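Notes follow the structure.
The values are calculated or read from the model by the stated rules, or taken from the named source; none is laboratory data. Note that this is a predicted model, so its numbers are computed, not measured. Methodologically, a virtual Cβ is constructed for each residue, glycine included, from the backbone with ideal geometry; neighbour enumeration extends over all protein chains shown. Calculation scope for accessible area: heavy atoms of the full protein, side chains included, ligands and nucleic acids excluded. Shrake-Rupley method; radii C 1.70, N 1.55, O 1.52, S 1.80 Å.
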Amino acid sequence: MRKKRFLVTGGCGFVGSQVLQNLIKTPHEIFVIDNLSTGDWSWILERRIDLKICDIRSKDALDYIVDIAPHYVIHLAAQTDIPTSMEQQHLDADINILGTLNLILACKKVVNFERFVFASSAAVYGNNTELPLIEESRIQPQSPYGMSKSICEQYLSLNEKMDDFPYCALRFANVYGNKRRAKKDVISNFWDELIQQRAPIIFGSGEQTRDFIFVDDIAEALILAIDIKRGGVYNVSTNEQTSINEVFQRISNLLQIQLDPVRQEPRIGDVYSSCLSNQKFKIATEWEPTYTLQTGLEKLQEIKMKETLHATKNSDVVI
Ligand SMILES: NC(=O)c1ccc[n+]([C@@H]2O[C@H](COP(=O)([O-])OP(=O)(O)OC[C@H]3O[C@@H](n4cnc5c(N)ncnc54)[C@H](O)[C@@H]3O)[C@@H](O)[C@H]2O)c1
């Protein structure tokens with residue numbers, strides 16, 4: 001395997017740290033840009049990774065990219081919270097759109113640059129009900145966050161047309177796994193509430209569905225995407241939809257904690273149902289999701305149990 005230079009933006013975040021775990025098993029050189037706004041570096045204690053603490057919107061980030069001249073960029077750094085994107089539209093657009101543009105323009109200065117892999121989202125489809133969604137399905141974001149992802153895809157496509165800029169945008173379904181600092185998703189939220197014997201909130205009827213994909217499968221997809229022959233947009237998902245009520249029941253069963261959820265009004269900006277076809281990405285890369293929702297939840301339980309055991313051991317005081 002020829003040694004290449006990888007830059008992972010947002011490498012200290014939820015998805016990014018899993019990508020780093022996979023990359024450190026390869027001989028490639030690894031660089032990270034992160035401003036640590038939601039990320040955490042403390043547990044990525046790996047000397048081989050060069051961390052640049054800066055904002056993707058800054059000149060520092062641009063200079064760093066030109067300096068390290070990566071072959072590949074996996075761009076994950078973003079404002080990822082939908083309610084924040086609604087309350088602070090300017091901030092969301094600034095980080096997600098202008099930050100991404102800053103990186104694209106920096107990569108265009110790098111000789112022998114090979115591919116920009118962008119973390120897009122199912123949020124670009126909004127409330128499109130023609131499930132499963134394919135890449136050609138109508139784009140109709142329901143939130144500034146979804147809009148920002150869609151605009152970045154358009155900037156990437158335009159730069160490909162103008163200057164053959166090599167890119168690939170992966171529209172992730174709902175990613176779950178062991179979240180440490182990042183804003184909680186529905187699975188982490190149910191998990192943490194139930195463990196503390198508190199009743200989780202379910203917005204709306206709970207019959208709304210999501211396509212849940214385990215973070216390890218996403219990390220693998222991001223690395224495989226560098227070799228895709230034809231750039232463009234790809235869904236990365238399981239192609240399965242599960243209702244929020246069912247997710248709640250599965251987690252309750254795993255934890256053996258039965259509490260009635262608190263029911264509240266649906267939230268503005270939430271899509272009703274979501275399921276993404278992963279055929280295009282599977283054909284392009286031979287990738288397959290390795291986890292079903294059940295095996296992913298079981299894996300999550302195993303990780304959390306190990307963490308608890310480790311924390312307990314470390315807190316044992318010997319007098
Ligand atoms: N987690 C999901 O369900 C999901 C679904 C679809 C798409 N995505 C996309 O995947 C990517 C990663 O998501 P995540 O869940 O790991 O989020 P995360 O919040 O855990 O990670 C984002 C990382 O980017 C860093 N960051 C944020 N703003 C920055 C800035 N201006 N400059 C430099 N660094 C900055 C944060 O410190 C953090 O380490 C995001 O682009 C997100 O939009 C995630």
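Counting only strands (runs of 3 or more DSSP E) that fall entirely inside region 166-254 and contain at least 2 residues that are touching a residue at least 40 places away in the same chain (Cβ under 8 Å), over 23 Å from M305 (Cα atoms) and over 12 Å from the mean Cα position of the chain (by Cα), the qualifying elements are 167-172, 201-203, 232-236.
From the list E114, E160, E136, the one residue that fits, being open to solvent by 30 Å² or more (accessible area, probe 1.4 Å) and out of contact with any strand residue (DSSP E or B) (no Cβ under 7 Å at 6 or more places or on another chain), is E136.
Inside region 17-46, residues that are modelled with pLDDT of 90 or more, open to solvent by 40 Å² or more (accessible area, probe 1.4 Å), within 13 Å of the ligand (Cβ to nearest atom) and among the hydrophobic types (A, V, I, L, M, F, W, C) make up a count of 1. Kindly list the number of the only condition in (1) open to solvent by less than 20 Å² (accessible area, probe 1.4 Å); (2) under 17 Å from N239 (Cα atoms); (3) out of contact with any Pro (no Cβ under 9 Å at 6 or more places or on another chain); (4) within 12 Å of the ligand (Cβ to nearest atom) that fails for V124. That leaves (3) as the condition not met.
Restricting F113, F6, F118 to those that are of a type outside the set (S, T, Y), within 18 Å of the chain's Cα centre (by Cα) and away from the ligand (no atom under 15 Å from the Cβ) reduces the list to F6. Checked against (1) open to solvent by 20 Å² or more (accessible area, probe 1.4 Å); (2) outside any helix (DSSP H, G or I), G11 passes all but condition (1).
Specify which of the listed residues (Y145, Y155) is part of a helix (DSSP H, G or I) and crowded, with 23+ Cβ neighbours inside 10 Å. Break it down into steps so the answer makes sense when it comes.
On the way: Y155 fails: crowded, with 23+ Cβ neighbours inside 10 Å.
One residue alone meets the criteria, Y145.
Each residue in region 47-74 was checked for being in a strand (DSSP E or B) and either more than 10 Å from the ligand (Cβ to nearest atom) or of a type in the set (K, R) (or both), and 6 of them qualify.
Mind checking which residues of region 75-84 are assigned to a loop (DSSP other than H, G, I, E, B) and open to solvent by 50 Å² or more (accessible area, probe 1.4 Å)?
T80 - this is the single residue of region 75-84 that is assigned to a loop (DSSP other than H, G, I, E, B) and open to solvent by 50 Å² or more (accessible area, probe 1.4 Å).
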